[in-house]
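**Student:** Before I ask anything, let me first share the structure, which is written out below as structure tokens.
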Amino acid sequence: MDKEERIVGIKDVAKAANVALATVDRVIHNRAGVSQKTKDKVLKVIEKMGYQPNVMASNLSKRKKIVLGVLLPNISEGSGYWEFPMKGVIKAQKELAQYRIKIKTFTFKQNNNEEIRKRILEVINSDIQGLVLTSKFADEIEILLEDCKQKKRPYVFIDSNVRKIDSLCSIQQPLFESGELAAQLFSYCFNIGEILILHLKETMDTEDIIGLKEKGMNAYLSDKNDNIVTKSLVLTNFTENGFETALSQTLENNPQIKGVFVPNSKVAYIAKYFDNREGDKIYLIGYDFFNDDIQYLEKDIIDFLICQRPEEQGYQAVVKLFEHLVLKKDVEKEIIMPLDIITKKNYKYY
């Protein structure tokens, strides 16, 4: 066989057909749950690529159960962001159920260090063989990561890995570039003025995360439009009256502010304030897309949302652990999510 040739696998077929691994498996074994159109497409790719079923792979469903852990904040808190990675995790689990993949979830309140430590100990003492988590609370997970290394448990970070902690794989958005993108969008809205960057203290976003987005924004403005500058406001009192008072005073004292940048998924809280505010239009950009954002997009209060596909991150994290633990494949060290721009005109199709 030529050195450039290699055996075509089920993953290659799935990628070429743009379908899930489980979909290809269903087609190969003539199982239900696949539309005729998709089935025909997969069969066409199989024929074109010369795929031959792997006897070893076909026996994967008979092997020992694989238990994966997921350590994330409660999905009911705050903006609801963490609900979406969990949806991706559940989707991947369903697709890989035939391979005896089981998920154990360990959730915690974001601002409760005692509960975080308790969940970490539960993970350490569990029977999981791989782990999905976020590195945002890196100080608390040091002991967990050390335990994973000793037990040779691979772990995958989602959402961010700003501290560059070693892992099997890291799935995230490019933080610096997302700040550049936000600056570019503001530049389309006005040519001169100030952008107010809000630092919301009651979130898991560290100063490193916010700082990279802010640096990206300032770098773009410095290079492309130095008539727009930024200033920061730290909101420590996140009660409705607390941040409204601070924000109102800042805007009153700085009439040159024409844009507000919320570098996380809590933009709806700020949009609610602007919905009740009188005065000139102030452009608002934030992150991610939730049901609470829709009314403010419709009213042109939120102008742009930068999204990082959190559901896809959760899905990919489980798939990468599956590929590593079950298929014994090398996986990408880093997967960068696209920066999607959501507006009033396209949110219905996202």
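**Student:** Could you work out the pair-distance distribution P(r) of region 220-282 from its alpha-carbon pairs, with 10 angstrom bin width and percents rounded to whole numbers?
**Tutor:** 17, 54, 25, 5
**Student:** Hey, got the dipole for region 93-176? About the Cα centre, +1 on K and R Cβ, -1 on D and E Cβ, debye to the nearest 20?
**Tutor:** Working: 15 positive and 12 negative charges, 60 e Å.
So the magnitude is around 280 debye.
**Student:** Also, quick follow-up: Go through Ile128, Pro73, Ile46 and say which Cα lies farthest out towards the positive end of the charge dipole of the chain; charges sit on Cβ, +1 for Lys and Arg, -1 for Asp and Glu.
**Tutor:** Ile46
**Student:** Follow-up question, since we're still on this one. Take the Cα pairs of region 262-350, get the Kirkwood Rh, then feed it into Stokes-Einstein at 25 °C and 0.890 mPa s and tell me D in µm²/s.
**Tutor:** Numbers: Rh = 14.9 Å.
It diffuses with D of about 165 µm²/s by this estimate.
**Student:** Rounded to whole Å and ordered largest first, report the semi-axes of the equivalent ellipsoid of the chain derived from its Cα gyration tensor (root of 5λ). Before the final figure, lay out each step's value.
**Tutor:** On the way: eigenvalues 343, 119, 64 Å².
After scaling each eigenvalue by five and taking roots: 41, 24, 18 Å.
**Student:** Can you give me the relative contact order of the chain as a percent, contacts being Cα pairs under 8 Å and 6 or more apart?
**Tutor:** Working: 561 pairs, mean separation 60.0, N = 350.
Across the chain, relative contact order equals 17 percent.
**Student:** Moving on. Can you pull the percent of region 104-210's accessible area that's carbon plus sulfur, 1.4 Å probe, other chains left in place? Intermediate results must be reported in sequence, preceding the final value.
**Tutor:** Values: 2060 of 4590 Å².
Carbon and sulfur: 45 percent of the exposed surface of region 104-210.
**Student:** Quick one: dipole size for the chain, taken about the Cα centre, charges +1 on Lys/Arg Cβ and -1 on Asp/Glu Cβ, in debye to the nearest 20.
**Tutor:** Values: 51 positive and 50 negative charges, 450 e Å.
Taking the Cα centre of the chain as origin, the dipole is about 2160 debye.
**Student:** While we're on this one: Angle check, please: helix 175-189 long axis (alpha carbons) against the longest principal axis of the chain (alpha carbons), in degrees 0 to 90, nearest 10.
**Tutor:** The helix 175-189 is inclined about 50 degrees to the chain.
**Student:** Quote the Stokes-Einstein diffusion coefficient, in whole µm² s⁻¹, for region 125-198, based on the Kirkwood radius over alpha carbon pairs, a temperature of 10 °C and a viscosity of 1.306 mPa s.
**Tutor:** Details: Rh = 14.9 Å.
Reported coefficient: 107 µm²/s.
**Student:** As a test of the formula, what do you get for the chain when each DSSP H run with n ≥ 4 contributes -39,500 (n - 2.57) and the sum is divided by the residue count, at 222 nm and rounded to the nearest 500 deg cm²/dmol?
**Tutor:** Details: 13 runs with 149 residues, N = 350.
Per the formula, -13000 deg cm²/dmol.
**Student:** Val13: net charge of surrounding residues, Cβ under 11 Å, Lys/Arg +1, Asp/Glu -1, itself excluded?
**Tutor:** Values: positive: Lys11, Lys15, Lys41, Lys44, Lys48; negative: Asp12, Asp25, Glu47.
Here the count lands on +2.
**Student:** How compact is region 175-332 by the rule of thumb for globular proteins, expressed as Cα Rg over 2.2 N^0.38 Å?
**Tutor:** Numbers: Rg = 17.6 Å, N = 158, 2.2 N^0.38 = 15.1 Å.
Ratio of Cα Rg to 2.2 N^0.38 Å: 1.17.
The values are calculated or read from the model by the stated rules, or taken from the named source; none is laboratory data. Since we're looking at a predicted model, the values are computed, not measured. Note: ideal-geometry Cβ built from the backbone for every residue, glycine included; neighbour counts use all protein chains shown. When the accessible area is computed, the model is the full protein with side chains, heavy atoms only, and any ligands, DNA or RNA have been set aside. Shrake-Rupley method; radii C 1.70, N 1.55, O 1.52, S 1.80 Å.
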